[in-house]
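Everything below concerns the one structure shown next.
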Amino acid sequence: MDIVVQREALLKPLQAVSGVVEKKQTLPVLSNVLLTIKDNHLRLTGTDLEIELIGFVPLESQSSASVCTVSARKLFDICRTLPEACQLRLSIEKNYLVVRAGESCFMLNTLPAEDFPNLDASDYPVEFNLKQSSLKNLLLKTYFAMGQQDVRHYLNGTYLDISKQSITCVAADGHRLALASLSDDEIGAAEARIILPRKSVLELMRLLDSDGESKVKIQVGDNRAQFVTADFIFTTKLINAQYPDYNRLIPKGTITATGDREAIKQALTRASILSNEKFRGVRFQLEPNTLRITANNSDREQAEEAVALEYGGNSMEIGFNVAYLLDVVSAVTTRAIRYVFSGPNDGVRIEAVDGDNCIYVVMPMRL
């Protein structure tokens, strides 16, 4: 290996791959990035045995095939702290990767490439394309409702229901549910129902483009899924479990209250300052055309907010975790938001008005 690359060309994929590598590893080689020269590209591969990310750096000149592994963190820190727009020369000398930039020179230990694990090749019978921005938008509108270290391991991820030229994204943790969907002709006849692990969802959100027309090829196998773009190949194991019927978890209430999303968000934000730091509870008091939000804490401090709503029902009082409500109003992008109640002891369904195809459910809490 003896190649020259621009710092910026190497830094972006190296940063992405370093994010996949676990900081604490039982196998030393898992803290390394695999560098492979092939087809006039430098391929950077990182894995934690559950997910694998491959990034690409085009080379300006031909170079013979070569492979080695080196510490992902150390190589990234070196590139990050070097001056902008500098050229890096990478070469193998004995058992070291030597990185030269101007008057700087670094010698990094390598480990045998044959010890680096690759996720086994899989067949992917389901395949379709989607805009990167569309997939990222689905994940952004739902990821916050995923479980964290829940004993019901199927909740520690996001469920993708792919069928009938549409894709529905669902996340739930037992206290709340988030659902977003879209239709796209490019999905075609593809059908799959998979659960992406939490870490995979967070990594994908970081990798996918937010705008533009660039596509991602989504491939689904029995226990793996792969996401391929011009910049990376991301492979993840799937959570092997049956996801509950999410449609049964959505309440069918008929008591509606509609208001300005930004006004509600600001009121919730202010009220949350004086909510109990542990339980984060706020009280909703619905009155004709008014929503009163109150919060108090163990220091006997209290906050009260009033927001105008289109509501013509009877007076009702119900408690919620304010952090859950703030997650929803932050994810929705429409001007107006609708709350649909069944009663003071049931969960509330929250919907965007005239826009986002998403539904949220937040269960009540006793205050």
Item to check | Net charge of neighbours whose Cβ lies under 15 Å from the Cβ of ASN296, counting Lys and Arg as +1 and Asp and Glu as -1 | outcome: +1
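Send over the per residue convex hull volume for the range 256-346, Cα only, as a whole number of Å³. Intermediate results must be reported in sequence, preceding the final value.
Details: hull volume 8.0 nm³, N = 91.
Spread over its residues, the Cα hull of the range 256-346 gives 87 Å³ apiece.
Counting other C-beta atoms within 10 Å, and keeping those with at most 16, which DSSP coil trypsin sites (Lys or Arg not before Pro) do you find in the range 206-315?
Values: sites: ARG206, LYS215, LYS217, ARG224, LYS237, ARG248, LYS252, ARG261, LYS265, ARG270, LYS278, ARG280, ARG283, ARG292, ARG300; in loops: LYS252, LYS278, ARG280, ARG300.
Qualifying residues, ordered by number: LYS252, LYS278, ARG300.
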Item to check | Net dipole in debye of the range 207-260 [+1 Lys, Arg Cβ; -1 Asp, Glu Cβ; about Cα centre; nearest 20] | outcome: 360 debye
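Which helices, taking whole DSSP H runs in the chain, have alpha carbons extending 18 angstrom or more along the helix axis plus mean Kyte-Doolittle at least 1.0? Display every interim value, and only then the final one.
Values: long enough: 7-20 (20 Å, 0.37).
Going by DSSP H runs, there are no hits.
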Checklist entry - Around ASP356, which amide H atoms from residues at least 5 apart in sequence, or from another chain, sit under 5 Å from its own amide H, with H modelled in the peptide plane? => result THR333, THR334
Item to check | Positive-end residue, the chain charge dipole about Cα centroid, Cβ charges, pick of ALA331, ASN137, LEU35 | outcome: ALA331
Item to check | Sum of -39500 (n - 2.57) over DSSP H runs of 4+, divided by residues of the chain (222 nm, nearest 500) | outcome: -5500 deg cm²/dmol
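Between beta-carbons, use under 14 Å as the cut-off and find the net charge around ALA178, counting Lys and Arg +1, Asp and Glu -1. It would help to have the intermediate numbers written out before the result.
Working: positive: LYS141, ARG176, ARG198, ARG349; negative: ASP161, ASP173, ASP327, GLU351, ASP356.
Around ALA178, the surrounding residues sum to -1.
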Checklist outcome for this item: For the chain, the accessible surface attributable to carbon and sulfur atoms (probe 1.4 angstrom, ligands and nucleic acids excluded) amounts in percent to 45 percent
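Nearest 20 debye, what's the magnitude of the dipole of the range 303-367 about its Cα centre given +1 on Lys and Arg Cβ and -1 on Asp and Glu Cβ? Working shown, then result.
On the way: 4 positive and 9 negative charges, 25 e Å.
Around 120 debye, computed over the range 303-367.
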Checklist entry - Roughly how many whole Å is it from the C-alpha centroid of the range 293-359 to that of the range 25-67? => result 48 Å
Checklist entry - Where only protein heavy atoms count, and the probe is 1.4 Å, what is the accessible area per residue for the chain in Å²? => result 50 Å²
Checklist entry - Can you work out the base-10 log of I(q)/I(0) for the range 133-287 at q = 0.15, 0.18 1/Å, using the Debye formula on its C-alpha atoms alone? => result -0.92, -1.18
Checklist entry - Considering the chain as a Gaussian network with a 10 Å cut-off on Cα pairs, which listed residue, LEU274, LEU34, LEU177, attains the greatest mean-square fluctuation? => result LEU274
Checklist entry - Using a Gaussian network for the chain with springs between C-alpha atoms less than 10 Å apart, which of these wobbles most: GLU287, GLU60, GLU191? => result GLU60
Checklist outcome for this item: At 20 °C in a medium of viscosity 1.002 mPa s, the chain has a Stokes-Einstein diffusion coefficient, with Rh taken as the Kirkwood radius over alpha carbon pairs, in µm² per second, of 93 µm²/s
Checklist entry - Near ILE37, within a Cβ-to-Cβ distance under 11 Å, what is the net charge of the other residues, with Lys and Arg +1 and Asp and Glu -1? => result 0
Next on the checklist: Quick check: pseudo-label points 7 Å beyond the Cα along Cα→Cβ at CYS86 and GLN15, how many nm apart are they?
Outcome noted: 1.7 nm
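State to the nearest 20 debye the size of the charge dipole of the chain about its Cα centre, where the only charges are +1 on K and R beta carbons and -1 on D and E beta carbons. Intermediate values should be presented prior to the final figure.
Values: 40 positive and 46 negative charges, 142 e Å.
Magnitude of the dipole: close to 680 debye.
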Item to check | Cut-off under 5 Å, modelled amide H: who pairs with ALA306 long-range | outcome: ILE293
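Restricting attention to the range 1-59, which trypsin sites (Lys or Arg not before Pro) occupy a DSSP loop and are surrounded by at most 10 other Cβ atoms within 10 Å? All intermediate terms of the calculation are to be shown ahead of the outcome.
Numbers: sites: ARG7, LYS23, LYS24, LYS38, ARG43; in loops: LYS23, LYS24.
Taking the range 1-59 and a limit of 10 other Cβ atoms within 10 Å, the loop trypsin sites (Lys or Arg not before Pro) found are LYS23, LYS24.
Mind giving me the FRET efficiency for ALA308 and GLN148? R0 is 41 Å, r the Cβ-Cβ distance, nearest 0.05 is fine. Walk me through the numbers before you get to the answer.
Numbers: r = 36 Å, r/R0 = 0.87.
Computed FRET efficiency for ALA308 and GLN148: 0.70.
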Next on the checklist: Apply the Karplus curve 6.51 cos²θ - 1.76 cosθ + 1.60, θ = phi - 60°, to the phi angles in the range 91-106 and return the couplings in whole Hz, x for Gly and Pro.
Outcome noted: 8, 9, 10, 6, 9, 10, 9, 9, 10, 10, 8, x, 8, 8, 8, 10
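The values are calculated or read from the model by the stated rules, or taken from the named source; none is laboratory data. Owing to the predicted nature of the structure, the values given are computational and were not obtained by experimental measurement. Positions of Cβ are generated from backbone atoms using ideal geometry, with glycine treated the same way; all protein chains shown enter the neighbour counts. Keep in mind that these areas ignore ligands, DNA and RNA; they rest on the heavy atoms of the full protein, side chains included. Shrake-Rupley method; radii C 1.70, N 1.55, O 1.52, S 1.80 Å.
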